[in-house]
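Structure, as structure tokens:
Each reported figure results from applying straightforward, stated rules to the coordinates on display, with no laboratory input. Computed from a prediction, not measured in an experiment: that's the story for all the values here.
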Amino acid sequence: MPKIRFDEQIARRYDETSADWYQPTVLEPAVHFLADLTGDGAALEFGIGTGRLALPLRSRGIRVHGIDLSEPMLDQLRRKSGSEQIGLTVGDFVTTRVDGSFRLTYLVYNTITNLTTQDEQVACFRNAAAHLEPGGCFVIEVFVPGLRRIPPGERVRAFDVRPSHLGFDEYTDFVGQILYSHHYWIEDSELRTFSAPYRYVWPSELDLMARLAGMTLRERWAGWTREPFTDASTSHVSVWEKTAEMNRYGNPAGSPA
Ligand SMILES: C[S@@+](CC[C@H](N)C(=O)[O-])C[C@H]1O[C@@H](n2cnc3c(N)ncnc32)[C@H](O)[C@@H]1O
């Protein structure tokens, strides 16, 4: 199992520190988008966390199942009304299989970058596809790598400078596509810090991972309200459709190997 980053302390404050992601202008279009794709099928969330999206989807009548590594995050979810109607599995979404097939699998809030190797990201696409019914979709919401903002010779860029929080991205490996995000804030009059590695990944590389998993790009937008994706977009919402069943060797089913 990978190391659990979302420990007790992070989980307890997750909803408060993610307040921007709970804004109705952010949340409602995302729920609407995902609900549309799920229709009368079922949805599987990779990294369900505290249920930010799963709960409103469930309250629209959609059957939702979630996988997450972090018991503390799932405990926060279990305390919320409606959570008893959501299936939960503790596990790594790279390898964990749950029963049933789904119209939609989704992985939001930049969480694909928590997987810090290309192999894990590829395996995650394969696992997402393996849960989909034919024609089902895999949706990812993730930032576009911000390398154009890093001048030659530099490695660090501030992404949040407020009295309540300082955040810096440190690009430690331009070959392996690794950055560390460093956070500093004051809580109970004490300085708190949190740093973690992320593997940033290009949209085109994600498309290739999808192809390896038997999926094809269907839509790419700059956000949940379907704003056009351009070379100035800082993040994207991408939808890949399952177009082929793959065998265990990663080849289309029916091939010799
Ligand atoms: C940024 S939070 C997002 C939570 C929720 N999807 C949301 O939008 O609010 C990322 C979540 O993914 C989980 N996670 C990260 N890597 C994981 C992995 N490899 N397998 C399962 N869960 C993972 C974390 O424990 C955490 O709950």
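Nearest-5 percent of antiparallel DSSP beta bridges in the chain? Kindly include the intermediate steps, with their values, before the conclusion.
On the way: 38 of 55 bridges.
Of all bridge pairs located within the chain, approximately 70 percent are antiparallel.
Need one word for the stretch 64-134: rounded, prolate or oblate. Basis is the Cα gyration tensor (sqrt eigenvalues a ≥ b ≥ c); a/c below 1.5 gives rounded, then a/b vs b/c decides. Walk me through the intermediate numbers first.
Working: a/c = 2.20, a/b = 1.33, b/c = 1.65.
Oblate, because a/c is 1.5 or more while a/b does not exceed b/c.
Would you calculate the volume per residue, in Å³, of the smallest convex hull containing every Cα atom of the stretch 122-186?
Hull volume normalised by residue count: 147 Å³.
Does the chain classify as rounded, prolate or oblate by the C-alpha gyration tensor (a ≥ b ≥ c root eigenvalues; a/c under 1.5 gives rounded; else a/b over b/c gives prolate, otherwise oblate)?
It is oblate, given that a/c is not under 1.5 and a/b is not larger than b/c.
Starting from the Cα-Cα distance between residue 193 and residue 10, subtract it from 0.36 nm times their residue separation and give me the gain in nm to one decimal.
Taking 0.36 nm per residue and subtracting the Cα distance, the gain is 64.8 nm.
Given 25 °C and 0.890 mPa s, compute D for the stretch 148-196 with the Stokes-Einstein relation, Rh being the Kirkwood radius over Cα pairs; round to the nearest whole µm²/s. Don't skip to the answer; put the middle values down first.
Values: Rh = 11.8 Å.
After rounding, the answer is 208 µm²/s.
When only C-alpha pairs under 8 Å and at least 6 residues apart count, what is the relative contact order of the chain, in percent?
Answer for the chain is 15 percent.
Let me know the shape class of the stretch 1-143, please: from the alpha-carbon gyration tensor, a ≥ b ≥ c as square roots of the eigenvalues, rounded when a/c is under 1.5, otherwise prolate if a/b is greater than b/c, or oblate.
The shape class here is rounded.
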